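Every number in this text was worked out from the coordinates using simple rules, so none of it is lab data. None of these values were measured; they are calculated from a predicted model. Every residue, glycine as well, gets a Cβ built from its backbone with ideal geometry; the counts of neighbours run over all protein chains shown.
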Number of protein chains: 2
Amino acid sequence: MREVAVIGVGDTKFGELWEYSLRDIGMQAGLTAVGDANIAGEQLDALYIGNMAAGSLIDQEHLGAMVADYSGLAQLHLPAVRIEAAGASGGMALRQGYMAVASGMHDFVMVAGAEKMTDVGDDEIPRIQMAGGDQQWEGLTGATMASLHAMIARRHMHEFGTTREQIASVAVKNHRNGALNPMAQFQKAVDIDVVLNATKVADPLGVFDCAPVSDGAAAMILAPLEIAKKYSEDPVVIAASAAATDTLALHHRSSITRFDSVKVAASKAYRYAGLSPKEIKIAEINDSYTISEILNIEDLGFFDKGKGGAATMEGMTEINGVVSVNTSGGLKSRGDPMGATGIAQAVEIVRQLRGKGEKRQVSNAECGLTLNVGGTGATSVVHILRRV
Amino acid sequence: MREVAVIGVGDTKFGELWEYSLRDIGMQAGLTAVGDANIAGEQLDALYIGNMAAGSLIDQEHLGAMVADYSGLAQLHLPAVRIEAAGASGGMALRQGYMAVASGMHDFVMVAGAEKMTDVGDDEIPRIQMAGGDQQWEGLTGATMASLHAMIARRHMHEFGTTREQIASVAVKNHRNGALNPMAQFQKAVDIDVVLNATKVADPLGVFDCAPVSDGAAAMILAPLEIAKKYSEDPVVIAASAAATDTLALHHRSSITRFDSVKVAASKAYRYAGLSPKEIKIAEINDSYTISEILNIEDLGFFDKGKGGAATMEGMTEINGVVSVNTSGGLKSRGDPMGATGIAQAVEIVRQLRGKGEKRQVSNAECGLTLNVGGTGATSVVHILRRV
């Protein structure tokens, strides 16, 4: 297997992009990445497009061909395909692209993620999000993603003494980071009282505990490491790619305060990269709900089980803390266009490793981790990226 | 890259399977394939699930994790992902699984396809099918898949003198083949007058020129050729895997009587396999509309452009003709559960190459080809399989 490098990245601002269609934002992110990689579009060998729900959202499937077409590459007749694993679609697309280059099958591959969520009514979103859970056993009996995560939060509070304030501190940190990111949906810091007093969505979680509904796209160009330096002054190598699944429904698990798919994918990734969790200094991870980030920093091995809330409240996950978590603002503040998120996480890590993190730059970052989660942890994808 | 073999196959009957859910049929096909491969489910390293539109059809995305879960493999925490390229989703899933094994990343991989189409009203199907075309430029202006293929048929008749009877003869042949296939949706031969006099869908195409709405699933187990013989008495090697795209919308092409994605994917596949089109004696190809099969047997190089209708009418594509096309009954008679179709095509070729084609067995088949097409040819996937 060949080593694989990222030689270009691109993204759109995340938010309510009413003036753009899915094809517009997919094209915009893709062309930015191609330009950043200093290649011609014609050099691309294949496309992998992460998207969760364009069929339900805008009646459009077949996004592989669509992105190839609207990026002006139709005459190349490239292989192009959509990859879907609910909220982990972007991470899974990155993984398929990684495999295509590592195997020697392709040299230049674009991996991208895109989602256009604001073209449907807000009342349709919970049903479409639940398509990432177990619709037959959970959705049809009235569960929503927010209510399932509220149960996880309640149980975490019960088992470990996690407080409502600790959970809220995830949102405070991520909004503070997002305020430093010009591509974020919400560039506005909030204090903890705003989070605590916000309208309830599913007790104990309020509006500020939930990632927003977003439009957005992100893209990366991958190439074999051996030729990456011809194109990029600062290529970033993919040191590990790992994915794992779990039961689709939350109630089939022995515990709902840990996600085994995160633990399995992370443990593989650490082994592939030859790193321990404590060596990770920067991470973009799932915070679709504030409680998710607390679970994940525990399951990734950054903090002991049950200590994630306290660690966050004490500032250990702030920029230049013990581990800088979600410097981009995370899903909470940067936004969460579902299929785009996994790619956007990796784009942020690449920017940080290149020293292009601007006001949110972490000092001396040598390697970074992404964790992209689908549903209530039925799919987890972990990547570790490293400076060359 | 390692050589990759098919060591097990499984499928469900195609049809209106009201008594089964998507998870039931996915599981049924998967377990049959695992049994046929003489492996334990626990030996699987990864799953690739082809599905076009379960989000729109049954509000369920995230089918990778779902199939892993409901096949009893959740405790393995396997990587599992859904692959989508409209009607070519199954073929693309096979291709991703092939790459995973060829690259050395995984040893035992399940590739499967499944679709549950009969749980929604018939009036919703044309919109969902159009999600494989260009919804913005075609669907929203009133085009349906049937009307686009009717234009292709009219143009083929105009350019090449193809007759209505020649087009109808595709349906007659495929129904005759399907009558010999116990897994087919329609096991009933029809004569040409039935096809010609059927209710019109989009002139000149009638009901018998269009593949049906179907439920169904199919699965295969892939493994490196070097260990395949330990598990299977008659492994089949994947001699070539190729995919290509084209513009999503039909009107952006210079010609609508050939599909360039088919020509590009086929030409790559022939090169990889070291074969010419005339050496292919058996093929499962796209006949979602009767005219599609005529285009495809031309674009695959079996017959000269414009001669596909006459060749079919003269019996050259019948079982043991010049090339045996759609011995399974094709999408027309076997059925077309969209994401399952690409895998089901390969399952039929494997059965034929193993000599298990029963009443429809082709004599002396050494290698076979599959062509899985999405939308109006915006994605084409070609595989060539060969006896070891």
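How many angstrom lie between the C-alpha centres of segment B:213-287 and segment A:121-199? Value for the Cα centre distance between the two parts: 44 Å.
As I understand it, the dipole of segment B:99-175 uses +1 on the Cβ of Lys and Arg and -1 on the Cβ of Asp and Glu, about the Cα centre. Which of B:Ile125, B:His156, B:Val109 lies farthest toward its positive end? Value computed over the given set: B:His156. What is segment B:278-373 by shape, rounded, prolate or oblate, if you read a ≥ b ≥ c off the alpha carbon gyration tensor as root eigenvalues and call it rounded for a/c under 1.5, prolate for a/b larger than b/c, and oblate otherwise? Note, shape of segment B:278-373 comes out oblate.
Considering only B:Ile291, B:Ile39, B:Ile227, the mean-square fluctuation computed in a Gaussian network model of chain B, springs between alpha carbons under 10 angstrom, is largest for B:Ile227. Name the shape class, rounded, prolate or oblate, that the alpha-carbon gyration tensor gives for segment B:239-318, where a ≥ b ≥ c are the square roots of its eigenvalues, rounded holds for a/c under 1.5, and otherwise prolate holds if a/b is larger than b/c and oblate otherwise. Oblate, because a/c is 1.5 or more while a/b does not exceed b/c. You can think of it this way: the chain between A:Thr163 and A:Glu19 has 47.7 nm of extra reach, that is 0.36 nm per residue less the Cα-Cα gap. Taking amide H atoms as placed 1.01 Å from N in the peptide plane, the amide H of B:Gly206 lies under 5 Å from those of B:Val201, each 5 or more residues away in sequence or on another chain. Exposure proxy ranking for B:Asp134, B:Asp234, based on other Cβ atoms within 10 angstrom of each Cβ and starting from the fewest, stands as B:Asp234, B:Asp134. Charging the Cβ of each Asp and Glu at -1 and of each Lys and Arg at +1, and nothing else, the dipole of the protein assembly as shown about its Cα centre rounds to 1620 debye. Shown here for segment B:255-315: GluC sites (Glu not before Pro) in loop regions (DSSP other than H, G, I, E, B) with at most 15 other Cβ atoms within 10 Å, namely B:Glu314. Projecting the Cα atoms of B:Asn197, A:Leu369, B:Ala93 onto the charge dipole of the protein assembly as shown (Cβ charges, centred on the Cα centre) puts A:Leu369 farthest toward the positive pole. Remark: segment B:257-268, residue by residue, has Karplus-estimated 3J(HN,Hα) of 9, 9, 10, 4, 4, 5, 4, 5, 5, 5, 5, 5 Hz, where x stands for each Gly or Pro and the curve is 6.51 cos²θ - 1.76 cosθ + 1.60 at θ = phi - 60°. When chain B is treated as a Gaussian network with alpha carbon springs shorter than 10 Å, the biggest mean-square fluctuation among B:Phe303, B:Phe108, B:Phe160 belongs to B:Phe160.
Placing unit charges on the Cβ atoms only, positive for Lys and Arg and negative for Asp and Glu, gives segment B:35-106 a dipole magnitude near 200 debye about its Cα centre. Residues in segment A:269-286 carry Karplus couplings, in order, of 5, 4, 5, 4, 8, x, 10, 9, x, 5, 7, 7, 9, 8, 8, 10, 9, 6 Hz; the curve used is 6.51 cos²θ - 1.76 cosθ + 1.60 with θ = phi - 60°, and Gly or Pro positions show x.
Distance between the pseudo-spin-label points of B:Asn364 and A:Lys229 (7 Å out from Cα toward the beta carbon): 5.8 nm. Label-point spacing for A:Asp203 across the identical copies (point 7 Å from Cα in the Cβ direction), in nm and ascending order: 6.5.
With viscosity set to 0.692 mPa s and temperature to 37 °C, compute the Stokes-Einstein D of segment B:150-306, Rh being the Kirkwood radius across alpha carbon pairs; µm²/s, no decimals. Stokes-Einstein gives a translational diffusion coefficient of 184 µm²/s. How would segment B:305-360 be classified by its alpha-carbon gyration tensor: rounded, prolate or oblate, with rounded meaning a/c under 1.5 and the a/b versus b/c comparison settling the rest? It is oblate, given that a/c is not under 1.5 and a/b is not larger than b/c. Residue-level result for chain B: its Cβ closest to the axis carrying B onto A, with that distance in Å, is B:Ser103, 2. Across segment B:62-72, coupling constants 3J(HN,Hα) worked out from phi with the 6.51/-1.76/1.60 Karplus curve, θ = phi - 60°, read 6, 6, x, 4, 4, 5, 4, 4, 7, 8, x Hz, and Gly and Pro carry x. Secondary-structure-derived ellipticity at 222 nm for chain A, considering helices only, amounts to -10500 deg cm²/dmol, per-run term -39500 (n - 2.57) for DSSP H runs with n ≥ 4. Take every DSSP beta bridge whose two residues both sit in the protein assembly as shown; close to 75 percent of them are antiparallel. Under 5 Å from the amide H of B:Ile282 lie the amide H atoms of B:Ser324, B:Leu369, each residue being 5 or more positions distant or on a separate chain, with H modelled from the backbone and absent for Pro and chain starts. Only one residue of B:Ser56, B:Leu22, B:Val4 has its Cα farthest out toward the positive end of the dipole of segment B:1-67, where Lys and Arg carry +1 and Asp and Glu -1 on Cβ, and that residue is B:Val4. Calculated FRET efficiency, A:Glu42 to A:Ser255, Cβ-Cβ distance, R0 = 56 Å: about 0.65 to the nearest 0.05. Charging the Cβ of each Asp and Glu at -1 and of each Lys and Arg at +1, and nothing else, the dipole of chain B about its Cα centre rounds to 1060 debye. With label points set 7 Å from Cα along Cα→Cβ, the inter-copy distances at A:Gly35 are 5.8 nm, sorted shortest first. Remark: label point of B:His158 defined 7 Å out from Cα along the Cα-Cβ vector; separations to the same position in other copies 6.9 nm, ascending. Database remark: amide H of B:Asp287 closer than 5 angstrom to the amide H of B:Leu331, B:Lys332 (H placed geometrically; neighbours at sequence offset of 5 or more, or on other chains; Pro and chain starts carry no H).
Counting pairwise Cα distances across chain B, what percent come out greater than 26 angstrom? The calculated P(r) of chain B puts 45 percent of pairs beyond 26 Å.
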